[in-house]
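Q: I am attaching a structure below and will ask some questions about it afterwards.
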Amino acid sequence: MEHAIPDGDILIHAGDFTSCGSRDQVIHFNRFLGTLNHPYKVVIAGNHDISFDLESYDSLWSHFTRIREDPEDTRKQLTNCIYLEDEEITLRGFRIYGSPWSPVFCDWAFMKPRGQPIQEIWNKIPDGIDILVTHSPPLGHGDLAISKLRAGCLNLLHTIQSRVKPRYHIFGHIHEGYGITTDGITTFVNASSVTVQYKPSHPPIVFDLPNKESLDQS
């Protein structure tokens with residue numbers, strides 16, 4: 001990366017930590033995580049991380065490599081973080097939920113058709129989440145592609161604005177959508193580290209929240 005990763009309490013990565021989910025790439029990423037000093041590192045997968053999509057791996061791997069690897073073994077190489085896949089964890093008093101899914105786009109991992117199939121994924125997000133981490137952006141926030149079309153998920157936007165209402169929503173997927181927006185309730189962060197040309201030139205995005213554990217104890 002062109003930019004150093006600043007220290008912090010929690011590092012969040014919103015997926016696509018590999019180009020095609022190979023074991024060697026996961027090991028390389030895991031070693032990189034091990035060099036960082038953050039007490040907590042939260043990671044989800046993205047559409048490029050095909051070895052983490054156990055249901056679809058057998059239909060995907062031959063598109064990207066000549067050799068089939070063991071996806072379960074590959075997943076086991078990611079040890080220097082908290083990996084979330086449609087699940088929640090509470091850190092420093094903040095509830096964090098992570099999901100790797102995106103609406104269908106070509107033939108990649110963790111994809112569901114728009115409408116009811118993807119809505120069933122978003123229905124799993126609990127109420128009261130403080131920080132939502134998905135790979136997909138919602139419609140209208142950090143989702144404007146180079147084609148000038150918005151690639152975000154309308155179902156995800158409705159789920160966020162009508163029910164979940166997190167303080168922060170962190171995502172990636174649309175590299176050219178890097179940056180921060182808000183609807184007045186949720187701050188939306190497209191944290192893509194690479195450009196549309198896959199050049200890692202976007203700096204990490206840092207935000208501060210009050211220590212919720214201290215507030216709860218006072």
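Bear in mind these aren't lab numbers, they're just calculated from the coordinates by the rules spelled out. Remember, it's a predicted structure, so these values are computed and weren't measured experimentally. In this analysis, Cβ positions are derived from the backbone assuming ideal geometry, glycine residues included, and neighbour counts consider all displayed protein chains.
Q: Tell me, which strands (runs of 3 or more DSSP E) lie completely within the stretch 118-218 with 2 or more residues that are in contact (Cβ under 8 Å) with a residue 60 or more places away in the chain?
A: 131-134, 168-171
Q: Would a scan of the stretch 97-113 turn up a residue that is more than 18 Å from H48 (Cβ to Cβ), touching a residue at least 12 places away in the same chain (Cβ under 8 Å) and of a type in the set (A, V, I, L, M, F, W, C)?
A: no
Q: A follow-up question, please. Which of the following residues is over 16 Å from the mean Cα position of the chain (by Cα) and under 24 Å from N47 (Cβ atoms): G115, G142, G172?
A: Answer to the selection: G115.
Q: Taking only the stretch 1-47 into account, find how many residues are buried (at least 21 other Cβ atoms within 10 Å of the Cβ) and in a loop (DSSP other than H, G, I, E, B).
A: Residues that pass the stated criteria total 10.
Q: Can you pull out the residues in the stretch 61-103 that are assigned to a loop (DSSP other than H, G, I, E, B), of a type in the set (A, V, I, L, M) and surrounded by fewer than 18 Cβ atoms within 10 Å (Cβ to Cβ)?
A: I67
Q: Give me a count of the residues in the stretch 158-180 that are more than 16 Å from A191 (Cα to Cα) and small (G, A, S).
A: Residues flagged as more than 16 Å from A191 (Cα to Cα) and small (G, A, S) within the stretch 158-180 amount to 1.
Q: On to the next question. I'm trying to understand the selection: among the residues of the stretch 104-117, which are among the charged types (D, E, K, R) and in a loop (DSSP other than H, G, I, E, B)?
A: Within the stretch 104-117, D107, R114 meet the criteria.
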